[in-house]
Amino acid sequence: KILIVDFGSQVTQLIARRVREEGVYSEIVPFNKAEAAFAEMKPKAVILSGGPASVLDDNAPSAPLSILTAGVPVLGICYGEQTMAQQLGGTVEAGHHREFGRAAIEITDTCALFDGVWEVGGKYDVWMSHGDRVTKMPDGFRAVAKAPGSPISIIADDIRKFYAMQFHPEVAHTPDGAKLIRNFVRNIAGFAGDWTMRAFREEAIEKIRAQVGKGKVICGLSGGVDSAVAAVLIHEAIGDQLTCVFVDHGMLRKDEAKTVVDLFRHHYNIPLVHVDASKTFLGELEGVTDPEVKRKTIGRLFIDVFDAEAKKIGGADFLAQGTLYPDVIESVSFTGGPSVTIKSHHNVGGLPARMNMKLVEPLRELFKDEVRDLGRELGLPDIFVGRHPFPGPGLAIRCPGEITREKLDILREADAVYIDQIRKADLYDTIWQAFAVLLPVKTVGVMGDGRTYEYVVGLRAVTSTDGMTADFYAFDMKFLGETATRIINEVKGVNRVVYDITSKPPGTIEWE
Ligand code: XMP
């Protein structure tokens, strides 16, 4: 195991992810709990994360001395480097110029971290994000790289196996960063790298059992991958102490409800309450055109319906959610200042307080692709695991303007044809998310000898890694032409198809 001591960097989880990618299990603990965790876990190596503080501040956080004297390899990153240097007797000063963003460092000496990656004399891109720098190294260290802002950019003590760097190797902007971490984990700390998603599954199950005890857990399924994986995992841990609730709000994709019910009731035999609440939702949404009002109405009703179902099954002590790591970081404001609400994302966030429940979030440390791996590990069918993300408010936000059953039906059909086309062209896994939108306008067309006056369907497809930014997908024209023809021929009520070529930013992925 590796212990990651967290000093509050926004990207600490990426360190854990890089370590997992090397097939090694790690746990992140806040710096003020690190001493106890280190004693209990007995890790074979430690990584000190970056963080927003300055070691020059009063009461600056530091690493427990017990870690630095235990004889295990330690890797210090950014703030982790500075506190390590200072605690071991070196000097840290405020930099003359703060370095943020891309920088080139020059390798000045050999180092076990660089094996097979960097050569002496070479210059390499790294991602800096810090104000302070080490000006005098502690005894036993040597400098092995320099940066424009500081002659001591990476320090190494080969005897104690202490290594530290000013920049962030865990982010993608440091192109060779993952290889440096690999060298630390494999060569320096000596891990075999045989930890897998199977091990994650077993550890997660133990944690869920420990947290939940004999309590009852309720889990809202959305039809998406995350809640499904969370539910299957929790069911494996605590069996029928878990009840799943699937609220059909009438704005789901074609065959969605059937897919979910089949999977849970028949494939996994997990207790599932299937609530058809479409009348309530569509009734309340009548005449609503404002996107935010739509989103909030759906969120509120969702909580009402869910709450009522939970009462019917006799209440629950815990609410399970498929929260992923990107949801966690997105909810922490980067600047600390007020951030603007672009869209009120719908989740069941209002529930725990209202129903007095604690949260079970077994996927909190994982990224989307890791959740997919875990889903496969748990035996979820590939076709389900690989599904594109689908928003909580469903087709409501793909139907700008007022929502009606008729419009939703048209949209559902058009979307199904579009996705079928994408699957047939073998593009489904290349595209991050694709869907149809029904525009609230009718246009004139001609079919056979007659005039038509029907709706317009918009098609959207994007590539992305996390949904935070996205590029529109460049289909070839033949594909688009054939898809338009199929939609117009097969879906009654549509006579025109357009393709959305907006990236994010400035557009968002969904239209509302
Ligand atoms: P936007 O439209 O904000 O979407 O660029 C980014 C990603 O988030 C999904 N999305 C949602 N997911 N509840 C969700 O669970 C929501 O209210 C919601 N709104 C957008 C969207 O589908 C895309 O994947």
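The values are calculated or read from the model by the stated rules, or taken from the named source; none is laboratory data. From a predicted model like this one, the values you see are computed outputs, not experimental measurements. Heads up, the Cβs are rebuilt from the backbone with ideal geometry, glycines too, and the neighbour counts pull from every protein chain shown. For accessibility, only protein heavy atoms count, side chains too; no ligands or nucleic acids. Shrake-Rupley method; radii C 1.70, N 1.55, O 1.52, S 1.80 Å.
Condition check ((1) under 23 Å from Lys368 (Cα atoms); (2) touching a strand residue (DSSP E or B) at 6+ places or on another chain (Cβ under 6 Å)) across all residues:
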position	(1), (2)
Val446	no, no
Gly450	no, no
Gly458	no, yes
Thr463	yes, yes
Gly467	yes, no
Asp471	yes, yes
Asp476	no, no
Gly481	no, no
Thr485	no, no
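Taken over the range 189-215, the criterion of being of a type in the set (Lys, Arg), more than 30 Å from Asp255 (Cβ to Cβ) and either crowded, with 19+ Cβ neighbours inside 10 Å or modelled with pLDDT of 95 or more (or both) is satisfied by Lys207, Arg209, Lys214.
Please state which one of Asp409, Asp449, Asp420 is of a type in the set (D, E, K, R), within 28 Å of the chain's Cα centre (by Cα) and more than 16 Å from Arg496 (Cβ to Cβ). Selected residue: Asp420, the only one of Asp409, Asp449, Asp420 that is of a type in the set (D, E, K, R), within 28 Å of the chain's Cα centre (by Cα) and more than 16 Å from Arg496 (Cβ to Cβ). When the range 87-107 is filtered for residues that are among the aliphatic types (A, V, I, L, M) and exposed (fewer than 14 other Cβ atoms within 10 Å of the Cβ), the ones remaining, listed by number, are Ala94, Ala104.
I need the full set of residues from the range 302-323 which are open to solvent by less than 10 Å² (accessible area, probe 1.4 Å) and either aliphatic (A, V, I, L, M) or farther than 19 Å from Ser227 by Cα (or both), in order please. Residues satisfying the conditions are Ala310, Leu319, Ala320.
The listed residues are Leu374, Leu439, and the only one of them that is away from the ligand (no atom under 14 Å from the Cβ), open to solvent by 20 Å² or more (accessible area, probe 1.4 Å) and among the hydrophobic types (A, V, I, L, M, F, W, C) turns out to be Leu439. Working only within the range 211-249, note down all residues that are within 16 Å of the ligand (Cβ to nearest atom) and on the phi > 0 side of the Ramachandran plot. Hit for the range 211-249 is Gly223, nothing else. Checking each residue in the range 476-501 for being open to solvent by 50 Å² or more (accessible area, probe 1.4 Å) and within 16 Å of the ligand (Cβ to nearest atom) picks out only Ile501.
When you look at Thr508, is it hydroxyl-bearing (Ser, Thr, Tyr) and within 16 Å of the ligand (Cβ to nearest atom), yes or no?
So Thr508 passes the test.
Taking the conditions exactly as written (within 19 Å of His388 (Cα to Cα), among the aliphatic types (A, V, I, L, M) and surrounded by 24 or more Cβ atoms within 10 Å (Cβ to Cβ)), does Ala257 satisfy them or not? Spelling it out, it is not the case that Ala257 is within 19 Å of His388 (Cα to Cα), among the aliphatic types (A, V, I, L, M) and surrounded by 24 or more Cβ atoms within 10 Å (Cβ to Cβ).
Among the numbered conditions (1) in a strand (DSSP E or B); (2) touching a residue at least 60 places away in the same chain (Cβ under 8 Å); (3) in contact with a Phe, Trp or Tyr (Cβ under 8 Å, 6 or more places away or on another chain), the only one that Gly80 does not meet is (1).
Quick check: is even one residue across the range 140-163 in contact with a Pro (Cβ under 6 Å, 6 or more places away or on another chain), part of a loop (DSSP other than H, G, I, E, B) and not polar (S, T, N, Q)?
yes
Residues of the range 460-475 that are modelled with pLDDT of 95 or more, open to solvent by less than 70 Å² (accessible area, probe 1.4 Å) and aliphatic (A, V, I, L, M): Ala461, Val462. Kindly indicate the residue of the range 108-134 that is assigned to a strand (DSSP E or B) and either open to solvent by 50 Å² or more (accessible area, probe 1.4 Å) or in contact with a Lys or Arg (Cβ under 8 Å, 6 or more places away or on another chain) (or both) and also farthest from Phe167 (Cα to Cα) among those meeting that condition. It comes out as Lys123. Taking the criterion of being surrounded by fewer than 18 Cβ atoms within 10 Å (Cβ to Cβ) and not in a loop (DSSP other than H, G, I, E, B), the residues of the range 38-63 that qualify are Ala39, Glu40, Met41. Within the range 139-176, the residues that satisfy the criterion of being surrounded by fewer than 18 Cβ atoms within 10 Å (Cβ to Cβ) and within 15 Å of Val74 (Cβ to Cβ) are Gly140, Asp158, Ile159, Arg160. The residues listed here are Ile270, Ile303, Ile298; of these, the one that is within 16 Å of the ligand (Cβ to nearest atom) and touching a Phe, Trp or Tyr at 6+ places or on another chain (Cβ under 7 Å) is Ile298. Tell me, yes or no, whether the range 443-455 has at least one residue that is crowded, with 17+ Cβ neighbours inside 10 Å and within 15 Å of the ligand (Cβ to nearest atom). No, because not a single residue in the range 443-455 is crowded, with 17+ Cβ neighbours inside 10 Å and within 15 Å of the ligand (Cβ to nearest atom). Do you know which of the residues in the range 406-443 that are assigned to a loop (DSSP other than H, G, I, E, B) and acidic (Asp, Glu) is farthest from Lys368 (Cα to Cα)? Among them, the one singled out is Asp426. Scanning the range 64-77 for residues that are crowded, with 19+ Cβ neighbours inside 10 Å and outside any loop (DSSP other than H, G, I, E, B), we see that the one that is nearest to the chain's Cα centre (by Cα) is Ile77.
Residues of the range 353-375 that are in contact with a Gly (Cβ under 9 Å, 6 or more places away or on another chain), charged (D, E, K, R) and in a helix (DSSP H, G or I): Lys368, Arg372. The residue that is nearest to the ligand (Cβ to nearest atom), counting only those in the range 393-405 that are open to solvent by less than 30 Å² (accessible area, probe 1.4 Å) and assigned to a loop (DSSP other than H, G, I, E, B), is Pro393.
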